[in-house]
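Colleague: Take this structure first; my questions come after.
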Amino acid sequence: MGNAVNPIGIAIVTALIAAFGEVVVAGFGVATRVESLAVIPMLALSSAIGPFAGQNWGAGKCDRVAEALRFSYAVCAFWAAILGLFFWFAAEPIVGVFSQDEKVIGAATTYLTIVPLSIWGYGVVIISAGAFNALGRSHYGLGLYLVRTALLYVPLSFIAAQFATSDAVFYAIAVANAVAGIAVGSFALYWLSHHTAPQPAAA
C-alpha cells in the first residue's frame with residue numbers, strides 16, 4: 001500500500017496541472033519518468049535498510065538501527081546534491097531524448113532544475129518506511145508515505161495550481177519533499193531514541 005501512495009499522488013498532481021495545458025502535462029510526465037530513474041539508488045537503499053534494521057532490532061541493538069538511518073539520510077542528501085547539479089546542466093539534453101517539442105522540453109527542464117535537489121526528502125521517507133516495516137511497525141511505514149503525499153505533496157500542489165503557475169507547482173513539490181524529509185527523519189530518530197529493542201532470548 002505504501003508503494004502505491006506515490007504513483008497515486010503523481011496521478012492527482014498530473015490532473016491538477018492539466019489546467020495549465022497539454023504541454024505542461026507532457027513536460028511533467030517526461031520529468032517524472034526521468035526522476036523515477038534518478039531515485040533508483042535511494043530505492044535500493046530503502047530495500048537494503050530492511051534486513052539490516054530487522055536484524056539489529058532483533059538483536060537488541062537499537063542504536064545501530066538509528067546509526068544506519070542517519071547514514072542513509074546523509075547518502076540521500078549527497079545523492080540529491082549530485083542530481084541537482086547534474087540536472088542543472090544536463091536536464092535539457094536529457095529531456096530532448098524523450099521529446100522534440102520545445103515547450104515540452106522547457107516544462108520538463110524547469111521541473112528537473114527545481115525538484116531533484118529536494119529529492120533527498122523522498123529518500124528519507126522511503127528509507128524510514130522500509131526500516132519501520134522491518135521493525136514490525138508497518139502502519140508507521142504507511143503513515144510516513146501518507147504524510148509526504150496526502151498531507152504535503154498533493155495539498156501544496158493543489159494550492160499552487162489554484163493560485164499560481166505551473167512553476168509554482170514544481171516549487172510546491174520541492175517544498176513537500178523537503179518538509180517531509182525533515183519531519184519523517186526527525187520522527188524516525190525520535191521514535192528509536194524512545195523505544196527499547198526487544199532483548200534476544202537467552203540460548
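Read-outs: derived from the displayed coordinates by stated rules, not from any lab. Since this is a predicted model, take the numbers as computed values, not measurements. Neighbour counts are summed over all protein chains in view; Cβ atoms, including those assigned to glycine, are modelled from backbone coordinates with ideal geometry.
Colleague: Which whole number of Å³ per residue matches the convex hull of the alpha-carbon atoms in segment 103-158?
Modeller: Per residue, the Cα convex hull of segment 103-158 comes to 77 Å³.
Colleague: Provide the FRET efficiency to the nearest 0.05 for the R137-L37 pair, computing r from the beta carbons and using R0 = 35 Å. Write out the running numbers ahead of the final one.
Modeller: Numbers: r = 30 Å, r/R0 = 0.86.
About 0.70, to the nearest 0.05.
Colleague: Using the Kyte-Doolittle scale, find the helices of the chain whose mean hydropathy is at least -0.5 and whose Cα atoms extend 15 Å or more along the helix's long axis, counting only whole DSSP H runs.
Modeller: Span-like helices, by this rule, are 2-17, 22-38, 40-58, 62-98, 102-114, 119-134, 166-193.
Colleague: Still on this structure: Who wins for biggest fluctuation among Y122, Y111, Y190 in a Gaussian network model of the chain, springs between alpha carbons below 10 Å?
Modeller: Greatest mean-square fluctuation among the candidates belongs to Y190.
Colleague: Let me ask you something else. Apply the Debye scattering formula to segment 2-73, with a single equal point scatterer on each alpha-carbon and no solvent, then give log10 I(q)/I(0) at q = 0.21 Å⁻¹.
Modeller: -0.90
Colleague: Here's another thing I want to ask about it. Taking the Cβ of I119 as the centre, find all other residues whose Cβ is under 12 Å away and add up their charges (Lys, Arg: +1; Asp, Glu: -1). It would help to have the intermediate numbers written out before the result.
Modeller: Values: positive: R148; negative: E35.
Taking every Cβ under 12 Å from that of I119, the sum is 0.
Colleague: Rg and Dmax in Å for segment 96-203, alpha carbons only: what are they?
Modeller: Expressed in Å, the Cα Rg and Dmax of segment 96-203 come to 18.2, 68.
Colleague: Which label belongs to the value computed from this structure, given these candidates for Rg and Dmax of the Cα atoms in Å: (1) 16.2, 47; (2) 18.2, 68; (3) 25.2, 80?
Modeller: (2)
Colleague: Nearest 0.05, what FRET efficiency do V97 and A150 give at R0 = 35 Å with Cβ-Cβ as r? It would help to have the intermediate numbers written out before the result.
Modeller: Numbers: r = 33 Å, r/R0 = 0.95.
Plugging the Cβ-Cβ distance into 1/(1 + (r/R0)^6) gives 0.60.
Colleague: Based on the Cβ-Cβ distance of S193 and I12, what FRET efficiency does E = 1/(1 + (r/R0)^6) give at R0 = 41 Å, to the nearest 0.05?
Modeller: Calculated value: 0.75.
Colleague: When all alpha-carbon pairs of segment 77-131 are counted, what percent fall beyond 19 Å?
Modeller: Working: 547 of 1485 pairs.
For segment 77-131, the share of Cα pairs beyond 19 Å comes to 37 percent.
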